Amino acid sequence: MPADGSALRAGLSADARRILRAQALRAFAYGLGAVLLGATLKSRGLSSLQAGLVLAAVLAGTVVASLALGRWGDRIGRRRCYIALYLALAACGVVFALSDTLWLLVLVALTGALSTEVVESGPFTSLEQVMLATALGGRRGLRGFGTYNAVATAAGSLGALAAGGLGPLRHVLPGAFSDQRAFLVFVPVALAGAVVAATLTPAVEAPVKAPDLRPLGRSRPTVLRLSALFATDSFGGGFVVQAFIAYWLTVRFGASIGLLGIVFFSLGVLQTASFLAAPRLAERIGLLNCMVFTHLPSNVLLIAVAFVPNLGVAVARPLARFALSQMDVPTRQAYVMALVEPQERTAAAAYTNTARYLTRPVGPLLAGATLSLAVGAPFVVAGAVKGAYDLVLWRWFRTLELPESIDGPPPREAETTP
């Protein structure tokens with residue numbers, strides 16, 4: 001890509017570029033917050049139960065806000081909802097930076113604007129996903145989703161890196177603000193995002209429809225089926241979240257913190273590259289083929305991680321797996337948008353993303369239980385569950401014909417056997 005960004009400008013609409021700018025700022029803030037959130041709750045003197053309540057409120061707020069968006073988002077207006085979420089994020093930044101009052105922390109956490117992860121999949125993502133699908137079409141739409149996810153991963157990684165630099169910064173500048181005050185970064189980020197949201201054109205809004213129609217019509221069975229599959233995939237992924245991989249490398253092979261930092265930075269680089277490569281591969285072999293036939297080999301590698309003989313191989317196999325495992329993310333987003341009618345996209349994005357959130361927290365809990373069987377057992381369980389998801393996805397949807405353009409008419413669904 002040229003340094004002046006002309007290639008990006010040529011490939012994305014003005015609305016899409018605005019969304020990417022807002023998302024990059026938010027992803028940086030989320031990367032910062034994901035690292036600092038737990039540590040600042042502890043430093044405020046909150047008990048483990050109270051800290052857990054705040055984190056649970058963040059997750060619950062994400063689910064509630066996503067479901068509300070799916071039900072009423074298009075009626076209220078996508079731009080209005082986008083602005084409201086950014087204003088809620090600004091409020092979260094102020095409260096988390098300045099307040100130690102438990103009920104107030106829980107209250108703003110329930111807005112759904114916060115995230116416990118570097119890259120989130122909540123109401124912001126659902127809105128951006130559908131607005132990108134509306135703003136872009138065909139090949140530009142698919143590549144837009146790849147760029148969108150790459151930007152989120154890169155900016156989030158920089159935010160996490162910035163959070164790690166706060167401690168050394170205070171050694172150099174003793175007057176630098178505390179970790180808690182770092183949440184004030186959310187305020188200018190959120191206000192800038194709100195300004196960007198206000199400049200989006202009416203083209204990103206949903207097509208006009210009668211107010212008595214349900215958010216999902218003819219696509220309801222398809223969205224429910226996809227939601228169940230995505231929930232299964234997310235459940236399997238919960239067994240091997242990055243925190244568990246770090247724990248496993250430390251327990252099994254005595255990996256140092258320095259090595260773990262290098263490993264996870266490398267994972268982020270591979271994720272970013274795979275997001276950019278996936279659309280080009282999908283253009284050659286198709287969206288569903290790209291989703292399944294990159295994800296399935298990655299899950300074979302995931303199972304193989306459980307049987308590594310030494311630290312070198314233990315690091316290499318997850319890296320090889322991450323080079324493939326994230327290619328299904330932009331293709332999955334584009335696939336959902338292509339499967340449903342344009343007026344159903346907000347609900348489809350919200351419900352499928354929420355399904356992933358509902359099941360993912362169960363995985364780490366069960367992963368701890370399977371450790372009693374063997375240290376590598378969670379990798380085997382995760383790979384088996386996620387591999388089953390790939391096979392069922394292929395079985396259910398391989399007969400569907402997608403329109404050539406993501407903004408084209410809805411596909412006619414062939415007979416499938418769930």
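The values are calculated or read from the model by the stated rules, or taken from the named source; none is laboratory data. The shown structure was predicted, so the numbers you read here are calculated from the model rather than taken from an experiment. The protein model used for the area step is the full one, side chains on, heavy atoms only, and it has no ligands, DNA or RNA in it. Shrake-Rupley method; radii C 1.70, N 1.55, O 1.52, S 1.80 Å.
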q = 0.23, 0.24 Å⁻¹, region 292-395: log10 I(q)/I(0) [Debye, one scatterer per Cα]: -1.30, -1.34
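Going by accessible area, probe 1.4 Å, with all protein chains left in place, what is the ranking of TRP103, TRP396, largest first?
On the way: TRP103 165, TRP396 45 Å².
Order by accessible area, largest first: TRP103, TRP396.
Could you please put ILE76, ILE19, ILE303 in sequence from largest to smallest accessible area, using a 1.4 Å probe?
Details: ILE76 90, ILE19 0, ILE303 55 Å².
Descending order: ILE76, ILE303, ILE19.
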How big is the accessible area of THR359 in square angstrom, nearest 10, if you roll a 1.4 angstrom probe over the protein chains? 40 Å²
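Sorted by accessible area (1.4 Å probe), largest first, how do ARG21, ARG225 line up?
Working: ARG21 135, ARG225 40 Å².
My answer, sorted largest first, is ARG21, ARG225.
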